[in-house]
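As structure tokens, the structure follows; a few thoughts come after it.
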Amino acid sequence: MGLVVAAGIATVLALAVLGGLTRSLAAKEDRRALVWVLVLALPLQPLAFYAVRLPLLHAFLPDAGAGWLRPAFLLSLAPLTEEPAKWLILAVPLVRAALSKRTAVPLALAGGLGFGIGEIWFVAHAAIAAPGFVDHPFWVYGGFMVERLEVCFLHAVFLAAPLALPAWRRSFVLGGIAGMAMHFLLNLPIYLATIDLFGLGRVAWATILLLWVPLWVTLGGLLLWRLWKAGQRAEAAAVAA
């Protein structure tokens, strides 16, 4: 039960922190669309895994003798399957109608939050179902809870590009590629650590990995803040015109 409790705490923290942030950045009239996005995004991570990622693994995973091709394939699967899954929220007319320069960031936060919460429970279920799993008291999973909160936010960062660019009359395709590229770069050091690039050693790579995600959270926060401020300025200019 320890991991289940930890997953529950991570969910509550994500709703309180990121949900509160989303609500504070959104206008009152946009909140209905935000709730829709949050709910729609909840099943998308498990759906992407079982409906797309697993079939791709079974069909195309290179064998162990394929050198760099196998880890490159595995490294690419998350961004290539998870990011397009998030875009499904745009299939709902209400969400498309709500998308604007003003709402792009709140919608991305709501989508990332829903997607991330779904992933919290997917990861917890997969861990518990794994052979040899040994449960611990919930406080032992403090790292898991913090990481999941960070990942919820980063899912929003990666979703912001394919939402913001169309809102600013730019290419959705370019925004989608940007989101997938950011997701790939986030995961890249994990592979580099396994091959010990530059011979830095386990301690150095452990330190890099420890700092890498908080660095992305910081940069992602700055990106979302700039996008939100730009949207606020654009709306103010449109009202004044």
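Computed from the coordinates by the stated procedures, all read-outs in this text should not be read as laboratory data. Since the structure is predicted, the reported quantities are computational estimates derived from the model, not experimental observations. As a convention, Cβ positions derive from the backbone with ideal geometry for all residues, glycine included, and neighbour counts pool all protein chains shown.
What the table below lists for this structure:
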quantity	calculated
Exposure proxy order (Cβ contacts within 10 Å, fewest to most) of 151, 35	35, 151
Separation between Cα centres of the range 50-101 and the range 188-207, rounded to whole Å	25
Charge tally in the Cβ shell below 11 Å around residue 14, where Lys, Arg are +1 and Asp, Glu are -1, residue 14 excluded	-1
The range 165-241 - Debye-derived log10 I(q)/I(0), Cα point model, q = 0.11, 0.17 Å⁻¹	-0.46, -0.80
Difference of contour (0.36 nm per residue) and Cα-Cα distance, residue 194 to residue 39	52.2 nm
Volume in Å³ per residue [convex hull over Cα atoms, computed for the range 62-171]	147
Cut-off 14 Å between beta-carbons: net charge of the residues surrounding residue 229, Lys and Arg +1, Asp and Glu -1	+3
Radius 12 Å from Cβ of residue 179, net charge of other residues (Lys, Arg +1; Asp, Glu -1)	-1
Backbone HN-Hα couplings from phi across the range 182-192 [Karplus 6.51/-1.76/1.60, Hz, Gly and Pro as x]	5, 4, 4, 5, 4, 7, 4, x, 4, 5, 4
Table column - 3J(HN,Hα) (Hz), the range 19-36, Karplus curve with 6.51, -1.76, 1.60, x for Gly and Pro	x, x, 5, 4, 5, 5, 8, 9, 6, 4, 6, 9, 5, 4, 5, 5, 5, 4
Interatomic Cα distance distribution for the range 1-81, bins of 5 angstrom, percent	3, 12, 14, 14, 13, 14, 12, 9, 6, 3, 1, 0
Globularity ratio of the chain, using Cα Rg and 2.2 N^0.38 Å	1.06
3J(HN,Hα) from dihedral phi, the range 165-176, Karplus parametrisation 6.51/-1.76/1.60, rounded to Hz, x for glycine, proline	4, x, 4, 9, 6, 10, 6, 5, 4, 4, x, x
Loop chymotrypsin sites (Phe, Trp or Tyr not before Pro), the range 64-148, which have at most 13 other Cβ atoms in a 10 Å radius of their Cβ (DSSP)	68, 133
